[in-house]
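Down below is the structure, laid out as structure tokens.
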Amino acid sequence: MTTASLRHRRVSLAVAACFVIATAACAAPPRATASAADAIAVPLPAQGPLSFHPQRDELSWAQGRDWYRLDLSSGRSERFQTDADIADLAYADDGALWLAAGAPQRWLQGRRTCRGDNADLSRAFGADRDGMRMASYGHDDAQGPIRHQYWLDPQCRVRRDSLAPLPAGITDSAADPGEASGPDDALAAKLRNAAQPAADGTVAVSRDGRWRVVERGDERKLERVAPR
């Protein structure tokens, strides 16, 4: 083989190798980019209250006397302690988190701003035009289950209250949407406070629809919703 032929063969092999490498690179699927929340596994309790922030990418939930806050953008989570078991929680439109922990508690930016005097609260429905709606429950021999609902101002003081039987068709406090001040508030409360999972297991959805908590079997998972 002449020197010219050998040089030509080496060039041909080099070109072929480059073509194979380039083809493989083009055929490789794009590398998935995991979000911060996907990269950090945050366990959610199988049961218990949880709520998405109305303005920020944030999820809060409670377990026992502790409540947790997860920043969905960074994946950073924090734990806060209270002095009583937390039965329910809900965000107000101003971003304050309200806890039904026996008495009502209002938290803002990780600090408790007030604690009310009411005892035995077990539901936090969210706010309407008259304030944060929370309730305790009892039983009357003649009327059956009774709801005692309170509307609270930002200082945890009672603005007004209502004592009434549970609406027809509702047999326990977990399914109770609470009493609202008007028709518009009632519709908003129904959409915001669905107590039972949807048909696909969805328990809660973030303000912009990009995140949801799904219940499957004995597990709850935080999932990013694929854009349509």
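The values are calculated or read from the model by the stated rules, or taken from the named source; none is laboratory data. Treat the numbers as computed from the prediction; the structure is a model and nothing was measured. As a convention, Cβ positions derive from the backbone with ideal geometry for all residues, glycine included, and neighbour counts pool all protein chains shown.
Please determine whether any residue of region 201-222 is at pLDDT below 90, assigned by TED's automatic domain parsing to the domain that holds Ser51 and in contact with a helix residue (DSSP H, G or I) (Cβ under 7 Å, 6 or more places away or on another chain).
The answer is no; no qualifying residue exists.
Report whether or not Ser60 is among the hydroxyl-bearing types (Ser, Thr, Tyr), under 22 Å from Trp211 (Cβ atoms), out of contact with any helix residue (DSSP H, G or I) (no Cβ under 9 Å at 6 or more places or on another chain) and buried (at least 20 other Cβ atoms within 10 Å of the Cβ).
yes
Out of curiosity, is Ala188 outside any strand (DSSP E or B), over 14 Å from the mean Cα position of the chain (by Cα) and modelled with pLDDT under 85?
yes
Restricting to region 27-72, and then to whatever is at pLDDT below 75 and not aliphatic (A, V, I, L, M), can you tell me which residue is farthest from Ala127 (Cα to Cα)?
The residue in question is Pro29.
Quick test of your reading of the structure: Ile146 fulfils all but one of (1) of a type in the set (Val, Ile, Thr); (2) more than 22 Å from Leu50 (Cα to Cα); (3) assigned to a loop (DSSP other than H, G, I, E, B). Name the failing condition by number.
The single condition Ile146 does not satisfy is (3).
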